[in-house]
Structure formats: structure tokens, C-alpha cells
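K.L.:
To start, I am sharing the structure in question, which I have written as C-alpha cells.
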Amino acid sequence: MRTTIFRLAFAAALALTAPLQAHDFHGSMGHCSFNTDYDVRISDAGIAFSRDDGEPTRVFMHDGSLRIDGKPVVVDAADAARLRSYEGSVRALVPEVASIAREGLDIGFDALTTVATTFAEDGDARSRLIDRLNRSRTRAMAQLDAGIGSGVWTRQAMEDSFEGGIQDAVSELVGTVTAGAVKAALSGDQAKIAALEARADSLDQAIDKEVNARADRLGARAEMLCPKLRELDQLQRQFTFRLTDGSPLRLIGEDKDRVADKDKLATR
């Protein structure tokens, strides 16, 4: 019986973590070792980068022009062209990140629905549980669409969309289904226990066949963003203007901790 409950917990954990691993563009994406400290707002007027800590705190670009912390920056024709290219690349990148995030949410909630369908004791309980999951999915999607889906890309909003929407659903599902498993164990009904074990086995197969395959495909989509991130990094390295302290503008940077971890793994 402990094995059954462990399998259930594993399935719920998979449902929670699979989309989180897939969507995290604000940190690293797949094998890309780039991150950003900035939140991003995209509008017809331009692209605004902002953060609470560090300098500069505000960067705004549009059609080759640049303002840093509210002050215009004089750029030459070559840098103006690079800024236009940078802006265009970000505008093209964010909708793809939003699409990946939506698919990540779908994978997570579909996994939860699979767990609910497999373990719910009766039709009415199953219907109520799935209905609650669907409402949670709708809320999480709406939150995601109001954020990155509308060109507003902030770390907190992304975390809230995933952790809030899915984690609440996971907690409810685990509580409901685990209660049934514990009840079966306490009853001593070997037929019920065997049926629950059989459901756990079928759940393993369903997760492997459906959820993991979709997560792998989503990971491949995420990997395709790596060259675009490198192009953005290359563009910003080519900027010839400098900040007031003489340093270059870096809106994204290499995640040195992640690189170090990968190097350690490679040498083992």
C-alpha cells in the first residue's frame, strides 16, 4: 500500500514539475545558460525593461532610440540598427515563450486529470474533482494570458501562474485521492487494495505514454529558443555605446552558476 501512495505522490509531483521545467525562460531554458534580472513590458510604443535592484533600473527602446533611467542615450546609426533588431527579436520571442508556457500548463493539468480519472472512487466524485481542476486550469490560463500572453513578462507573474494554479490543484487532488488510498488500507479489504495497486500501475503507463512524451516535445520546442537567446546576447555585445560608468548594456547575461554545474557534470 505504501508503494501505491508513493506512486500517487510521484504522479502528482510530475504533474507539478513538468511544466515548470519547460517554461522557465526567465532563468535558463533547456541547455541555454542565459538569464535576465529584468521584467519586460511590450507595447506599440516600445519595449520597457525594469528591475528593482541593480543599475540601470529602467531601459526603454523603440525604433532605434534608447532611454536609460529616463534619459535619452545618443547612439550611432549602427547601434540604432542593432537596437531595432534587438527589439524585433524580443517581440518575436515573447509570443513563443507564451505558447510554450500555455502548453506547459496544459501538460500539468492533463496529468492531474489523468490522476483524478484513475483514482477517483466513483463517477460523481470524479466529475466534481475534474470540474474543480478545469476551473483551476481556466484561472491559471487567464492569469498567464493577462501576463506574458499580453506582452507583460515578469518573474512573479510567471511563478504565480504555475505555482499558484497547479500547486493548489495538486494539493486538493493529493488530499482527495490519498484519503481513498488510506481508507482502503485501513479497511483491510484486499480486493480494494489490489484494485488500487492496479490503478497505480495503469497510471504509471499513462504518464509514461502521454505526459512524458508531450513534455519531451515541449522541451524540444524550448531548446529551439536557445539560438534566439544567443543572437540577443550577440547583439548586445556589439553595442558600442556605454553606460555612464563606462560599462556595456547587458539586458541578458550568462548564468555562470549553471555553466559551472554543467562543467562539473561533464568532468565526472
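K.L.:
What FRET efficiency comes out for the pair ARG230/ALA92, r = Cβ-Cβ distance, R0 = 25 Å, nearest 0.05?
P.N.:
The value I calculate is 0.95.
K.L.:
Among 79-90, 216-227, what's the highest-first ranking by average C-beta atoms within 10 angstrom per residue?
P.N.:
My ranking of the peptides, most packed first, is 79-90, 216-227.
K.L.:
For ARG221 and GLN190, what is the calculated FRET efficiency with R₀ set at 41 Å and r taken between the beta-carbons, to the nearest 0.05?
P.N.:
Computed FRET efficiency for ARG221 and GLN190: 0.35.
K.L.:
Shifting gears a bit: At PHE241 and LYS71, where each label point lies 7 Å from the Cα along Cα→Cβ, what is the point-to-point distance in nanometres?
P.N.:
1.2 nm
Each value in this text was obtained by applying a stated rule to the coordinates, not by laboratory testing. Everything numeric in this text was worked out from a predicted model, so none of it was measured. Neighbour counts are summed over all protein chains in view; Cβ atoms, including those assigned to glycine, are modelled from backbone coordinates with ideal geometry.
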